[in-house]
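The values are calculated or read from the model by the stated rules, or taken from the named source; none is laboratory data. All figures in this text were calculated on a predicted structure; none of them were measured in a lab. Here the Cβ positions follow ideal geometry from the backbone for every residue, glycine too, while neighbour counts run over all protein chains shown.
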Amino acid sequence: MSLEDDLGDWRRSHYSSELQGMDGREVTLMGYVSSIRDHGNIVFVMLTDKEGEVQIVFKKDGSSNLPEAESKVEPSPSSLSSLSPSPQSLQSSHSLFSKAKVLKEHSSIAVRGVVKSMKNAPKGIEIIPREMKILSLARSIPPFSIYSKSIPLDARLDIRAVDLRRHYLRAVFKIRHNVLKAIRAFLDEQGFIEVNTPKMISTASEGGAALFPIFYFDREAFLAQSPQLYKEQLTLAFEKVYEIAPIFRAEPSRTNRHLAEAISVDVEHAFVNYEDVMHILEGMVSHVIGYVKDKNREELDMLSMDLVKPTTPFPRYRYSELVDMLRREGARIEWGDDFTTEHLKALAGILKGYYFVVDWPASMRPFYTKVKGDGSYALSESFDLMYNDLEISSGSTRINRKDELIARLKMQGLKPESFTHHLIVFDYGMPPHAGFGLGLERFLMTITGIENIRDTTFYPRDIDRLVP
Ligand code: AMO
């Protein structure tokens, strides 16, 4: 005989977080078994649902499985259905207890029972069960407990769906949800519309390197490194657009801040320059943090994060200024060199929190970046947004004149012929425009204190990992 039951007409009446002040009421709870403490004649089962957890107490003699309180139960409208089971459907305390005995951690269960205040129980509440359905009995024990801390990352990622049951990871992704919500609300308020652009493309958008080739029917194509060229084109019709979507980077980096597939928040705005979009970006970052601080108190507590809403404007440092600063600190760096990890660490020793690095050498930025109009042509109207030593966003004023764009393509060793479909748009009055791309996983690292980017994404992809 199967130990498992069908869901049938059972439905959850409450989440575990909704039981305060419900002493004596009957509820139907659903979730998974996150821990079992078997003391022989009494079994404590922790049921976890998406909102939290609650303890279910199974006793062998059933003494309190059908408590006196039962007759005094005052149903809430949502638990009415669970209050009127036919007498036959009530499980005998014996069969209920034997069912509890076969439970394994991670099994999915549904429990009908009475809420009881209990000082020693977690959150002061436990459930005295009347009936239980085992909806899915766990077949195997995961290679690690979701409570243990020092599990190698690879072992966790190999069975990510179970790993994500960890409380702190659920906190990270609940925060992620609100980060996205707040970004959308902020940009919506500013008059942007959300767009989607192709992820299978025929030419690189960020220079030739780091592309994933794919088969596209009978042709070679690539996974998009960014929506850069499309979001620029869309300013022609919509002026203010944003996209939240995957970007693909075939970077062979094994670091705690690089993914092969990441989510980018891309913003593009017509009739403005890089200073205007830096203003939007810092406003957005500050708004999102304020929102999360307000809405995710419990999750932030769990992550021991004392989030401070950053004040704007964020400090701005010119690239050249930082090169000088690094030299004063004894670092070896030439003007035009990118900052190495060591350089960034040295800078983070001095510059804390969110700050912009602006006016990068033009040679270091992608072909679409506008050169500064100071006559030197050496600098560009560009910026990176940093958090300590982590780059979380970059952006710029874009070139909006076709001949200039062609010249820059050539200068960077790219073939204008490969960009025909992009360049043609510039024949139709491309407005001046500027924008940025913000790495969602990196931004989430700064909010949650998570140090490895793999834990701010559901199913990370990197040079060593294509599964699960
Ligand atoms: P960039 O290449 O700097 O700029 O990317 C923008 C932001 O995206 C994030 N990011 C990554 N996150 C995780 N893993 C990666 N491999 C990875 N690569 C990038 C970073 C980075 O700051 N088109 C421009 C943006 C623009 O100018 O609008 C671009 O893609 O947080």
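Observations on the structure shown:
- Within region 393-403, the set of residues being over 24 Å from the mean Cα position of the chain (by Cα) and buried (at least 22 other Cβ atoms within 10 Å of the Cβ) comprises SER396, THR397, ARG398, ILE399.
- Across region 261-297, the qualifying residues are those that are aromatic (Phe, Trp, Tyr) and more than 17 Å from the chain's Cα centre (by Cα), and the one among them that is farthest from PRO310 (Cα to Cα) is PHE271.
- A single member of ASP9, ASP49 is within 26 Å of SER136 (Cβ to Cβ), surrounded by fewer than 15 Cβ atoms within 10 Å (Cβ to Cβ) and either outside the structural domain of ARG112 (by TED's automatic domain parsing) or at pLDDT 95 or above (or both), and it is ASP9.
- Filtered residue count, region 221-240, keeping only those that are more than 7 Å from the ligand (Cβ to nearest atom) and either buried (at least 19 other Cβ atoms within 10 Å of the Cβ) or of a type in the set (S, T, N, Q) (or both): 11
- Here ILE214 meets the list (1) over 20 Å from LEU423 (Cα atoms); (2) touching a residue at least 24 places away in the same chain (Cβ under 8 Å) almost entirely, failing just condition (2).
- Residue identified as away from the ligand (no atom under 13 Å from the Cβ), modelled with pLDDT of 95 or more and not in a loop (DSSP other than H, G, I, E, B) among GLU268, GLU243, GLU282: GLU282
- The residue of region 285-327 that is surrounded by the most Cβ atoms within 10 Å (Cβ to Cβ), among those that are part of a helix (DSSP H, G or I) and among the acidic types (Asp, Glu), is GLU299.
- Total residues in region 205-220, condition crowded, with 20+ Cβ neighbours inside 10 Å and within 11 Å of the ligand (Cβ to nearest atom): 1
- Put simply, of LEU379, LEU390, LEU440 the only residue that is in the same structural domain as VAL285 (by TED's automatic domain parsing) and surrounded by fewer than 20 Cβ atoms within 10 Å (Cβ to Cβ) is LEU390.
- THR448 being hydroxyl-bearing (Ser, Thr, Tyr), in the same structural domain as ALA171 (by TED's automatic domain parsing) and surrounded by 14 or more Cβ atoms within 10 Å (Cβ to Cβ): yes
- Looking across region 129-165, the residues that are of a type in the set (A, V, I, L, M), free of Cβ contacts under 8 Å to residues at least 40 places away in the same chain and in a loop (DSSP other than H, G, I, E, B) come down to ILE141, ILE151.
- Near pairs, Cβ below 7 angstrom, 6+ apart or cross-chain, from region 220-244 (touching a residue at least 60 places away in the same chain (Cβ under 8 Å)) to any residue that is within 11 Å of the ligand (Cβ to nearest atom) and of a type in the set (Gly, Ala, Ser): SER226/SER205; SER226/SER264; SER226/GLY437; GLN228/SER205; LEU229/SER205; LYS231/GLY435
- No other residue among ARG442, ARG408, ARG401, ARG454 is under 17 Å from GLY373 (Cβ atoms) and within 15 Å of the ligand (Cβ to nearest atom) apart from ARG408.
- Scanning region 192-207 for residues that are assigned by TED's automatic domain parsing to the domain that holds LEU438, modelled with pLDDT under 95 and under 30 Å from GLY52 (Cβ atoms) turns up nothing.
- Taken together, the residues in region 361-398 that are over 26 Å from HIS258 (Cβ atoms) and within 12 Å of the ligand (Cβ to nearest atom) amount to 3.
- Within region 397-468, helices (runs of 4 or more DSSP H) holding 1 or more residues that are of a type outside the set (Gly, Ala, Ser) and farther than 30 Å from ASN296 by Cβ: 402-411, 420-423
- Here LEU300 passes the criteria (1) free of Cβ contacts under 8 Å to residues at least 24 places away in the same chain; (2) under 30 Å from TYR168 (Cβ atoms) except the one numbered (1).
Yes/no per residue for (1) closer than 28 Å to GLN228 by Cα; (2) β-branched (Val, Ile, Thr):
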site: GLU282; (1), (2): yes, no
site: ILE289; (1), (2): yes, yes
site: PRO313; (1), (2): yes, no
site: ASP337; (1), (2): yes, no
site: GLU342; (1), (2): no, no
site: ALA362; (1), (2): yes, no
site: LEU379; (1), (2): yes, no
site: PHE383; (1), (2): yes, no
site: MET386; (1), (2): yes, no
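- Hits in region 196-238 (condition: in a helix (DSSP H, G or I) and of a type outside the set (Asp, Glu)): GLN228, LEU229, TYR230, LYS231, GLN233, LEU234, THR235, LEU236, ALA237, PHE238
- Residue selected from region 328-375 under the condition hydroxyl-bearing (Ser, Thr, Tyr) and in a loop (DSSP other than H, G, I, E, B), by the criterion surrounded by the most Cβ atoms within 10 Å (Cβ to Cβ): TYR368
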